[in-house]
Amino acid sequence: MLSNKKDLSLTDRFLNRIERTGNKLPHPVILFFILSAFVLVLSWFVSLFEVAVTHPGTGETIRAINLLSKNGIRRIFTEAVSNFTGFAPLGVVLVAMLGVGIAEKSGLIAAVLKKTVLSAPDKYITAVVIFAGIMSNIASDAGYVVLVPLGAVIFAAKGRHPLVGLAAAFAGVSGGFSANLLISTLDPLLAGLSQEAAQLIDSGYTIPPTVNYYFMVASTFIVTVIGTWVTENIVAPRFGEYKGDHEEELEEISAEENAGIKSALIWLGITLVIILLMTVPQNGILRSDEGNLIMGSTPFVGGMVPLIAIFFLVPGLAYGRKTGSIKNSDDIAKYLDETMAGMGGYITLAFAAGQFVAYFNWSKLGTILAIGGADFLQAINFTGLPLIILFIVVAGFINLFIGSASAKWAIMAPVFVPMLMQLGYSPEFAQMAYRIGDSTTNIITPLMPYFAIIIAFAKKYDEDIGIGTLISTMVPYSIAFMIGWTILLIIWFVFNLPIGPGGVLFY
């Protein structure tokens, strides 16, 4: 916590205010229940005035539905379970995490991160730490507890200030949270929320997890370059030479870990060959009957989530068997149980968010707000890139107070996705812009769940470090990431580049 002394700087007082405001917000689960109740009351209030809009696609007149009517209350009770089980991101995240959990619990992910960083030449170590941080997001939050402290250890062992290494790793893991060279667990989660929001306008609209893939691959390299530049030119000079007493020695990858990684790579290759045999031939099993692989509703797109799970599960099993971390089927079952136990908080959140999304859909408030808002923005001629840039900034600002990417998008998507669709922008483009704002301010909000853990890691090297020091260290990364990443989006927009398989810029 920052001090409340009168001599605090303007920046510290601003950060204090953010922290106090954010701490007053309820837990995301409670927040969704409050929002659900608010939608119920608002649906009654708006229906009193018979507010209506005309759907631009169908010409249908859409009026607000009072959910506090007899039929509305009946629906609230009878469909509560289906609102939960039908909540799009619920199943996709749990299925994907089955595979990711085996890879994490077996030790594969930690070993790969360690080997990647330790094998890098000294002159590239900063870039490799940041790149590894970005890639660690395929395993959700593993990078926070594995790579951030490892970054400090590596820099200390190489005679550099450990807090510079910690900052670089934190920037990659958290600031680059949405970028990756692979489809991560975040992709199907956000796609499910975007799809539900898009169906407020177009009931048949589908969004596969791959829709932002091309842009996120490019973002991985952009964020790595920007993060490296900020580290070497702003953060490292600010810390200077490390004069502390804490010394570190790098623990090399063991022969057992190396053997495990090799086994994992072999089995990953075998898995990839099998998938290619089912996708490359024109009559491949995972293609549609017409021979399509990506376009339309195909087995490959529909089976993307199980494929993600398999790509983690098979190498994780191979690594575990080789290193002994998986001795028998009981170990596999135990790791799966532990993974699902760790998802308890998310399951609770999904129940609350599922009710909110359903109520918002039933009430027609989202459609009314989207069409009315789009008409207003068109009337004042506020569209195009200025609107998209403002949307990124708004997402980044909200992220200071609500850290969860899924919780935030569950609130924002039902409003912004349909609104941007009315202005001609695709749901996947709206999702792509949101991911920039969500990622870039992760590293400067005290409300991010791992923020306290990062400070604890830092105190190992500097007992006096506090929240203000960490945030001031990370602000240059946040600003540079938002500017650089937004410029990349503008380039994509101007040249109408493909954003990912199954994804387009314009609706």
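For region 85-196, compute Rh as the Kirkwood radius over C-alpha pairs and then the Stokes-Einstein diffusion coefficient at 37 °C and 0.692 mPa s; write the answer in µm²/s, rounded to an integer.
On the way: Rh = 14.6 Å.
Value of D from the Cα-based Kirkwood radius: 225 µm²/s.
For a quick check of your reading of the filter: which trypsin sites (Lys or Arg not before Pro) in region 309-348 sit in a DSSP loop and have no more than 16 other Cβ atoms within 10 Å?
327
Sort the following peptides by mean Cβ neighbour count (other Cβ atoms within 10 Å, averaged over residues), highest first: 488-498, 28-38, 176-186.
Values: 488-498: 14.0, 28-38: 17.1, 176-186: 23.9.
Put in order of decreasing packing, that is 176-186, 28-38, 488-498.
Tell me, what is a quarter of the convex hull surface for the C-alpha atoms of region 365-507, in nm² with one decimal? Display every interim value, and only then the final one.
Numbers: hull surface 38.6 nm².
Mean projected area of the Cα convex hull: 9.6 nm².
At a Cα cut-off below 20 Å, give the lysines reachable from residue 24, other chains included and same-chain residues fewer than 8 away excluded.
Answer for residue 24, where 20 Å is the Cα cut-off: 408, listed by chain and number.
Would you mind checking the tilt of helix 142-157 against the longest principal axis of the Cα atoms of the chain, expressed as 0 to 90 degrees and rounded to 10?
30
Rounded to the nearest 10 degrees, what's the angle between the helix 467-494 long axis and the longest principal axis of the chain, both from Cα atoms, 0 to 90?
60
Given N residues in region 411-477, what is its alpha carbon radius of gyration divided by 2.2 N^0.38 Å?
Computed over Cα atoms of region 411-477, the ratio equals 1.58.
Over region 151-202, what lengths in whole Å, largest first, do the semi-axes of the equivalent ellipsoid take, defined as the square roots of 5 times the eigenvalues of the alpha-carbon gyration tensor?
Semi-axes from the Cα gyration tensor: 38, 9, 6 Å.
About the Cα centre of the chain, how large is the charge dipole given +1 on each Lys and Arg Cβ and -1 on each Asp and Glu Cβ? Please answer in debye to the nearest 20.
Using only the charged Cβ atoms, the result is roughly 640 debye.
Once you treat every alpha carbon in the chain as an equal point and sum by Debye, what is log10 I(q)/I(0) at q = 0.06, 0.10 Å⁻¹?
-0.30, -0.83
Carbon and sulfur atoms: what percent of the 1.4 Å accessible area of region 142-254 do they account for?
On region 142-254, the fraction of accessible area on carbon and sulfur atoms equals 53 percent.
What angle, in degrees between 0 and 90 and rounded to the nearest 10, separates the Cα long axis of helix 427-440 from the longest principal axis of the Cα atoms of the chain?
That helix lies at roughly 40 degrees to the long axis.
Specify which residue in the list 279, 258, 184 is farthest towards the positive end of the charge dipole of region 158-279, using unit charges on the beta carbon of Lys, Arg (+1) and Asp, Glu (-1), about the Cα centre.
Going by the charge dipole, the pick is 279.
Over the chain, give the accessible area per residue in Å² for a 1.4 Å probe, as an integer.
Result: 44 Å² per residue.
With a 10 Å radius around each residue's Cβ, average the other Cβ atoms per peptide and rank 91-101, 255-265, highest first.
Those peptides, ordered most packed to least, come out 91-101, 255-265.
What order, most packed first, do the peptides 211-220, 298-307 have when packing is the mean number of other Cβ atoms within 10 Å of each residue?
Details: 211-220: 22.6, 298-307: 19.3.
The densest-packed peptide leads the list: 211-220, 298-307.
Can you give me the convex hull volume of the Cα atoms of region 227-335, divided per residue and expressed in Å³?
On the way: hull volume 22.3 nm³, N = 109.
Dividing the Cα hull volume of region 227-335 by its residue count gives 204 Å³.
The values are calculated or read from the model by the stated rules, or taken from the named source; none is laboratory data. Just so it is clear, the model here is predicted, and its values are computed rather than measured. As a convention, Cβ positions derive from the backbone with ideal geometry for all residues, glycine included, and neighbour counts pool all protein chains shown. These area figures cover heavy atoms from the full protein model, side chains too; ligands, DNA and RNA do not enter into them. Shrake-Rupley method; radii C 1.70, N 1.55, O 1.52, S 1.80 Å.
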